[in-house]
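Some notes on the structure that comes next.
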Amino acid sequence: MRHIIDLSDLTDKEFNDLYKLTTNIIDRPEGYVDACRGKVLGSLFYEPSTRTNLSFSTAMMRLGGSVVGFSDPRSSSTTKGETLKDTINMVSCYADMIVMRNPREGAAKAASLYSSVPVINAGDGGHLHPTQTLADMVTILRMRGSADDMKIGLCGDLKYGRTVHSLLHFLERFHNVQVYLIAPGALKLPDYMINFLKEHNMPYCEVSSIDEVLPELDVLYMTRIQRERFTSAQEYENLEGSYQLTAEKMKRAKKNMLVLHPLPRVDEIAQDVDDDPRAVYFRQARFGMFGRMALLLTLSRLPFERAGHQDIGHEPGVRCSNHKCITRSELYVPLHGKIGDRCPYCDKLLELDI
């Protein structure tokens, strides 16, 4: 049994096999219409989602399987105080796989401790989003041929952007990837991700506008300024519209540059960019569906294995410094380590439990 918490957990062979299966499904989808017949996907979305939720549901149905679950936690037993552990234990009695989005960072990792079926992380707060990274990589590899020797610009909300964090985690395995971080000061890549780039010798450059680097880029990865990540409306409005790609700006880009976006967009990509053949974000969404089909099919073929017993509670004297971490709300989740270590759930640092 495998859980998909971070796409980087896959070995090169596992990812290459997954990509090969994805391309086979793209080229011959009719060959997979009954591949998951009789299988059930448990879909647990504690946060609003259109693309990811619909993409997983469509992927499972295209494989001949079925989907159960909820897209609003207010319609679940969470409103009655049920713990994540109990929800996962129950749903893994009904489903063959679980896909989950949760606003708590590290929630997918915690869920995997208590599930008897594979858990797929569909986004845990501002932490990771591995199946979006799968969509991103399928798009880059399918349309560019390789991710090696690539200059990629990541633009917008890099602080809270889980899609950016996941993609950078995965790009570490490729050769000669130059990263340009394009963000306002308040939304720069967080320190723990900067440390990740340094630890893995990934060359990066922080810049304040698209214009500074656009002619150099092979891939431009746009993200929206996420209103729901801010504590006040004024804080959001001060940054809204700061970084926008337009058809006029695209005149300065390479003729074969790819423009990606995890979607939804607000105003960071102008409507007049959509007709540019380099704008591939809608194809990216479709590739993501095929990638999720390949992932679900791969997981459905794995042998059943019950989760083992997990220790309950935290090691005395430590806690995660991230107030959004799952360990700060679900106190039974085991947390071990010493002060200054990385949290095994959200990658932030452990601190003294005061």
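Structural remarks
- Some residue of the stretch 130-138 being surrounded by fewer than 20 Cβ atoms within 10 Å (Cβ to Cβ), of a type in the set (D, E, K, R) and assigned to a helix (DSSP H, G or I): no
- Within the stretch 30-48, considering residues that are in a loop (DSSP other than H, G, I, E, B) and touching a strand residue (DSSP E or B) at 6+ places or on another chain (Cβ under 6 Å), the one modelled with the lowest pLDDT: Glu47
- Verdict on Val99 being in a strand (DSSP E or B), open to solvent by less than 20 Å² (accessible area, probe 1.4 Å), on the phi < 0 side of the Ramachandran plot and in contact (Cβ under 8 Å) with a residue 40 or more places away in the chain: yes
- When Tyr221 is tested against (1) open to solvent by 10 Å² or more (accessible area, probe 1.4 Å); (2) outside any loop (DSSP other than H, G, I, E, B); (3) closer than 19 Å to Ser8 by Cβ, just one condition goes unmet, and that condition is (1).
- Of all residues in the stretch 264-275, those satisfying the criterion of being loosely packed, with under 15 Cβ neighbours inside 10 Å and either touching a helix residue (DSSP H, G or I) at 6+ places or on another chain (Cβ under 6 Å) or assigned to a loop (DSSP other than H, G, I, E, B) (or both) are Pro264, Val266, Asp267, Asp272, Asp274, Asp275.
- Matching residues in the stretch 60-83 - criterion: being in contact with a Phe, Trp or Tyr (Cβ under 8 Å, 6 or more places away or on another chain), assigned to a helix (DSSP H, G or I) and at pLDDT 95 or above: Arg62
- Which numbered condition Leu171 fails, given (1) without any contact (Cβ under 8 Å) to a residue 60 or more places away in the chain; (2) within 15 Å of His261 (Cα to Cα); (3) open to solvent by less than 10 Å² (accessible area, probe 1.4 Å): (2)
- Residue within the stretch 251-263 that is loosely packed, with under 13 Cβ neighbours inside 10 Å and at pLDDT below 90 present: no
- Of all residues in the stretch 40-77, those being of a type in the set (A, V, I, L, M) and open to solvent by 20 Å² or more (accessible area, probe 1.4 Å) number 5.
The values are calculated or read from the model by the stated rules, or taken from the named source; none is laboratory data. The shown structure was predicted, so the numbers you read here are calculated from the model rather than taken from an experiment. Cβ atoms come from the backbone with ideal geometry, glycine included; neighbour counts cover every protein chain shown. Surface accessibility is based on the protein's heavy atoms, side chains included, excluding ligands, DNA and RNA. Shrake-Rupley method; radii C 1.70, N 1.55, O 1.52, S 1.80 Å.
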